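J.: Pasting a structure below so you can have a look.
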Amino acid sequence: MAKISANLKLHGFSKRERLCNFSLKDLLFDRGNTFHSYPFKVYWKLIDINLEKVFFKNSLEYFDAPQSNLPQWKKLQNPSYPFKKIPENAFFTHPAQCLVGVPAKIHKKAVVRNHLKRLTREAYRKNKISMYTFVQQIDCFLLVAFIYTARPILSSKEIEQKIIVSLQRIQENFLIQQND
């Protein structure tokens, strides 16, 4: 995989690391893998570096694009650039994009939902480095969603332990799928 820009903060959780693109969300929830790891339902999907396969699945013909002034990482994700354009919020500047959700059906108060999302994002931010190195080794991008489905409000330490277990389980599930 092309090296992602070296000046990125690995210990931060920027807007570019959040899963915001609707096409990628649909791909994750429709064709992604899932498992339960109390208190989370985790959706995950590894996708190819060439995002044209995701966005233009009906027309997989590639064009010889003229040399443009795009950065190298954008050229890898969108090789037919001037002819086929991928939305700007769909580009991966980091090896993974993450979505955190808490259903309003389970937790009625927005204050509680926001608190749980904040704790989950913080736990993911602290422990994503091992997942990033794994995803870069297999030369893919990762889409992941953590949906908090439990009624009780767990402490930040418990949530962090569950996030670590979930990230390890994603790696194990991928390796099992590759061996099948």
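J.: Determine, yes or no, whether Ala145 is among the aliphatic types (A, V, I, L, M) and closer than 17 Å to Leu24 by Cα.
T.: yes
J.: Further question on the same structure: Being assigned to a helix (DSSP H, G or I) and among the hydrophobic types (A, V, I, L, M, F, W, C), is that true of even one residue in region 144-156?
T.: Taking every residue of region 144-156 in turn, none turns out to be assigned to a helix (DSSP H, G or I) and among the hydrophobic types (A, V, I, L, M, F, W, C).
J.: Right, next: Can you give me the number of residues within region 151-172 that are surrounded by fewer than 19 Cβ atoms within 10 Å (Cβ to Cβ) and touching a strand residue (DSSP E or B) at 6+ places or on another chain (Cβ under 8 Å)?
T.: Count: 2.
Laboratory data are not the source of any read-out in this text; all were calculated from the coordinates shown. No experiment lies behind these values; they were computed from the predicted model shown. Every residue, glycine among them, receives a Cβ derived from its backbone with ideal geometry; neighbour counts consider all protein chains shown.
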